[in-house]
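The values are calculated or read from the model by the stated rules, or taken from the named source; none is laboratory data. Note that the coordinates shown come from a computational prediction; the quantities given were computed from them, not determined experimentally. Cβ atoms come from the backbone with ideal geometry, glycine included; neighbour counts cover every protein chain shown. To get the accessible areas, we keep the full protein, side chains included, count just its heavy atoms, and leave off ligands, DNA and RNA. Shrake-Rupley method; radii C 1.70, N 1.55, O 1.52, S 1.80 Å.
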Amino acid sequence: MRSLETLIRDEIASTGPMPLERYMALCLGHPEHGYYMAKPAIGAAGDFTTAPEVSQMFGEIVGAVLAHAWQAMGSPDPVRLVELGPGRATLMLDILRTFKVLPALLDAVDVHLVETSPRLRAAQEYRLTEAGFTATWHDTLETVPEGPVLLAANEFFDALPIRQRIMRGGTWRDRAIAIGTNDRLEFVDGQAVSAEAIPPALYDADEGAIIEDCPLARDIAGRIGARLSRNPGLALIVDYGYRETAHGDSLQALRAKQFADPLAGPGEADLTAHVDFASIAAAATAAGARAFGPITQGTFLTALGIGLRAERLRASGAGAQDLTLALERLTGAGGMGTLFKVLALSAPGLPAPPPFGDETV
Ligand code: SAH
């Protein structure tokens, strides 16, 4: 069996330096060798741990916001409950458990999971079935039926392939991967990109400055926005990233919770980039949705009462030390509290979702 690295080297040998976007798409999504296809390892024993894997409190709060939106929409039946990139389905299970306090909502819900990894689909199906739920799987959002929608995406957008552009001698160039003189994969400056492809505010930059762009994230955000312009609904997008498009290199590889070289062992590590929330909000609002935030995950969870929820769980006998650690990890600046952000996209005409204030302009 040929390794992904061999396939990548062969492609570079025949067609020249490989744009980072293609490299990342292959590393994550190659049907046989891609990280999510072959060896996704999410959770305590895996390569990375996500908020729902830290504590049930995260999914309970996301579920409460979605349930509130459903009531604000006039309690439609059916309502599509959609998750993008559900991983081990932990968030979905916590949301559905939270919905149990509203039997009419649980009855109305029709679960749709957008997931490309056959392994993770199998894991999701196993856990949902065990809990007595059914779902429909999709490769993309496009095949999810129209209608009122509640959508969640946690650490989904960071896993989409990005482009990087690098400033060299007054020209922006696409960052690509080639085989270096020492026979290792290395970054090289690729094709020059036209001035229109660079945000005007970022055009002037120091030598070696980097700009990132995630066309697939913009495309998916536009599709969510278009859906919300046609149907009542709310989407909550949670991820680590930055509020405003800026210069910087955020590509990173994680293997067994350690940072690794993104060009070493393609397909072996989880490869991600920080999410550009401004570009996601802009794509969704251009398609007709309203955007709120992003606010930090710490603000989101704290304003919605995660502290009280932890007290209740403590009183019911849950491990006090674990709860304190989970709370700190989810909301603290040293954990996910500040780096992670929550963006809400809403259909026009619905009230602002709690705890968001003003609409993003
Ligand atoms: N939301 C989960 C998992 C995050 S990992 C959690 O919080 O634990 C990223 C998830 O997105 C995985 O389920 C992965 O298989 C899926 N994924 C990655 N790229 C995708 C794509 N292009 N389309 C659909 N799903 C994708």
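The accessible surface of the stretch 47-124, taken with every protein chain in place and a 1.4 Å probe, is 51 percent carbon and sulfur.
So how much slack lies between Thr15 and Thr338, counting 0.36 nm per residue of separation and subtracting their Cα-Cα distance, in nm?
112.1 nm
When Rg and Dmax are taken over the Cα atoms of the stretch 132-196, they come to 20.1, 60 Å.
With the simple spin-label model, which puts each label point 7 Å out from Cα in the Cβ direction, the Arg312 to Arg127 separation comes to 2.2 nm.
Which angle between 0 and 90 degrees, to the nearest 10, do you get for helix 20-29 versus the longest principal axis of the chain when only C-alpha atoms count? The helix 20-29 is inclined about 50 degrees to the chain. Ligands, DNA and RNA are left out, and with a 1.4 angstrom probe the accessible area of the stretch 1-157 is 40 Å² per residue. In whole percents, the pair-distance distribution calculated for the stretch 1-74 from its alpha-carbon pairs, binned every 5 Å from zero, is 3, 13, 14, 13, 11, 11, 10, 9, 7, 5, 3, 0.
What accessible area per residue comes out for the stretch 206-361, rounded to a whole number of Å², with a 1.4 Å probe?
Roughly 43 Å² per residue, with all protein chains present.
Measuring r between the beta carbons of Ala264 and Asp77 and using R0 = 51 Å, the FRET efficiency lands at 0.50.
Cross-link partners for Lys257 among the lysines, with Cα-Cα distance under 22 Å and sequence neighbours closer than 8 places in the same chain left out: Lys39, Lys341.
Among the protein heavy atoms of the stretch 1-41, carbon and sulfur supply 58% of the accessible surface, probe 1.4 Å, non-protein parts ignored. Each peptide in 180-192, 263-275, 16-28 gets a packing score, the mean of other Cβ atoms within 10 Å over its residues, and the list from highest to lowest is 263-275, 16-28, 180-192.
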